[in-house]
Every structure is written in C-alpha cells, then in structure tokens.
C-alpha cells in the first residue's frame, strides 16, 4: 500500500472520529465544547498547518460528500462573488462569530452557534464553490490562516519539476495554489488545507508534504 493511500485512510478515519465526537456533543447539548478541540488545533497549527480543516472539521467532511455527489451528477456551482474576495469580509465574520459567542455566553442563552454556522456553511456550499467558505468566509479558517503562517509542515510544489499543467490548481478546494509569472504553480501554505488532492492530481509527482 503506497503512502498516499495510507494517508487517505488515516484522514477518513480521523474525519469519522471527529464527526462522531461532534454528534455526541450535539446530542448531549454540549456542542460549545467543540471550541476546545478547535483551540487545540489552532495551537498545533503553528507546527502542523491547517490540518484541522481537512482532517477534523465536520463542515469539510460534508463538503467532501457534496463535491463527490455534484461531480457524479455533473452539477456546477456558482463562483465566489467578487465583493467577498478580500480580507475585510474575513475579519468582519471572525468578529461577528466571536461577538456572538460572547453574547450567548454572557446572556446564558442555549444556542449552539457552532451548529448554526455548520448548517449555514453546508447550505452555502450547495450553491457556491467550496473555496468561498474555506478562503473567504469561515471564521475558523481565518484564524488558522494566521496561526499556521510559520508552520514547517506544508504542501510544497517543486518548481523545477512543475510542467505548468494547472491540474493541482483545478482540484484545490481553497484556491491556495497560485500561478507564478513563469506559469509554474506555488502553494500559499497558510491557505492550504493539507487535503492532498493536488498530490493525487499531479502527473509529475511534484506536489509533496514536507517538514
């Protein structure tokens, strides 16, 4: 069994385990405790990057199923609106998320904000391309895009071996892969979800996880 296959199996197992924990907390009315898991992931992202997004996040687990289904039946989604393609929207949403969490806690309201955000994210991704949430709207992703900037573990694209086919860029769910002036591809590690889809798509095996 090759390394890529092993990683895929481990990732699927991690996603299922995380989804079961999420469901357990929801059924026991303790979903706010999910923040503890995210907090730990944010700390570890300093060293391991945004692994939370593709290995743990229940939103992304749902996104993967939606993407697989839409690909099977040939449904195309709407591209990210231009007015959302800025850091301003990301900052506003993080502040709104933090504020809502504080207000509900202070007022003693029994509102599972994380559940509503998850449902909202899944609804949007039924209509818009997945990268809109990952790259521009997700408050968790925005936080991780800051904490993971110094991470040593990352997805690297060997520029010397890159043939500029763009296949890695097409499959990237967060638009973290950009085109350089010489037409080669480069990965923005703080936006990368470490999902490995580019590794599977690359015909020259120049996309690799490195420390």
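Just checking, does region 17-27 include any residue being touching a residue at least 40 places away in the same chain (Cβ under 8 Å) and either within 17 Å of residue 172 (Cα to Cα) or not in a helix (DSSP H, G or I) (or both)? So far as region 17-27 goes, no, none of its residues is touching a residue at least 40 places away in the same chain (Cβ under 8 Å) and either within 17 Å of residue 172 (Cα to Cα) or not in a helix (DSSP H, G or I) (or both). Residues in region 170-204 that are buried (at least 20 other Cβ atoms within 10 Å of the Cβ) and assigned to a loop (DSSP other than H, G, I, E, B): 172, 173, 174, 176, 189, 191, 192, 193, 194, 195, 202. Scanning region 21-40 for residues that are surrounded by 11 or more Cβ atoms within 10 Å (Cβ to Cβ) and over 18 Å from the mean Cα position of the chain (by Cα) yields 21, 23, 24, 25, 26, 30, 31, 32, 33.
Take the residues in region 144-169 that are in a helix (DSSP H, G or I) and free of Cβ contacts under 8 Å to residues at least 60 places away in the same chain, then tell me which one is nearest to residue 191 (Cα to Cα). Ranking the qualifying residues of region 144-169, first place goes to 146.
Here's the yes/no breakdown for (1) touching a residue at least 24 places away in the same chain (Cβ under 8 Å); (2) within 19 Å of residue 58 (Cα to Cα); (3) surrounded by 16 or more Cβ atoms within 10 Å (Cβ to Cβ):
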{"residue": "95", "(1), (2), (3)": "no, no, no"}
{"residue": "102", "(1), (2), (3)": "no, no, no"}
{"residue": "107", "(1), (2), (3)": "no, no, no"}
{"residue": "110", "(1), (2), (3)": "yes, no, no"}
{"residue": "119", "(1), (2), (3)": "no, yes, no"}
{"residue": "125", "(1), (2), (3)": "yes, yes, yes"}
{"residue": "128", "(1), (2), (3)": "yes, yes, yes"}
{"residue": "139", "(1), (2), (3)": "yes, yes, yes"}
{"residue": "142", "(1), (2), (3)": "yes, yes, yes"}
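Does region 92-105 include one or more residues that are part of a loop (DSSP other than H, G, I, E, B), outside the structural domain of residue 205 (by TED's automatic domain parsing) and out of contact with any strand residue (DSSP E or B) (no Cβ under 6 Å at 6 or more places or on another chain)? No, every residue in region 92-105 fails to be part of a loop (DSSP other than H, G, I, E, B), outside the structural domain of residue 205 (by TED's automatic domain parsing) and out of contact with any strand residue (DSSP E or B) (no Cβ under 6 Å at 6 or more places or on another chain).
When 60, 87 are checked against the criterion of being exposed (fewer than 13 other Cβ atoms within 10 Å of the Cβ) and either free of Cβ contacts under 8 Å to residues at least 24 places away in the same chain or under 16 Å from the mean Cα position of the chain (by Cα) (or both), 87 stands alone in meeting it.
Failed condition for residue 43, given (1) free of Cβ contacts under 8 Å to residues at least 60 places away in the same chain; (2) surrounded by fewer than 16 Cβ atoms within 10 Å (Cβ to Cβ); (3) farther than 22 Å from residue 137 by Cβ; (4) touching a helix residue (DSSP H, G or I) at 6+ places or on another chain (Cβ under 8 Å), with all others met? Of (1) free of Cβ contacts under 8 Å to residues at least 60 places away in the same chain; (2) surrounded by fewer than 16 Cβ atoms within 10 Å (Cβ to Cβ); (3) farther than 22 Å from residue 137 by Cβ; (4) touching a helix residue (DSSP H, G or I) at 6+ places or on another chain (Cβ under 8 Å), only one is false for residue 43: (1).
The values are calculated or read from the model by the stated rules, or taken from the named source; none is laboratory data. Quick caveat: nothing in here was measured; it's all calculated off a predicted structure. Counting neighbours? That spans all protein chains shown, and the Cβs are built from the backbone with ideal geometry, glycine included.
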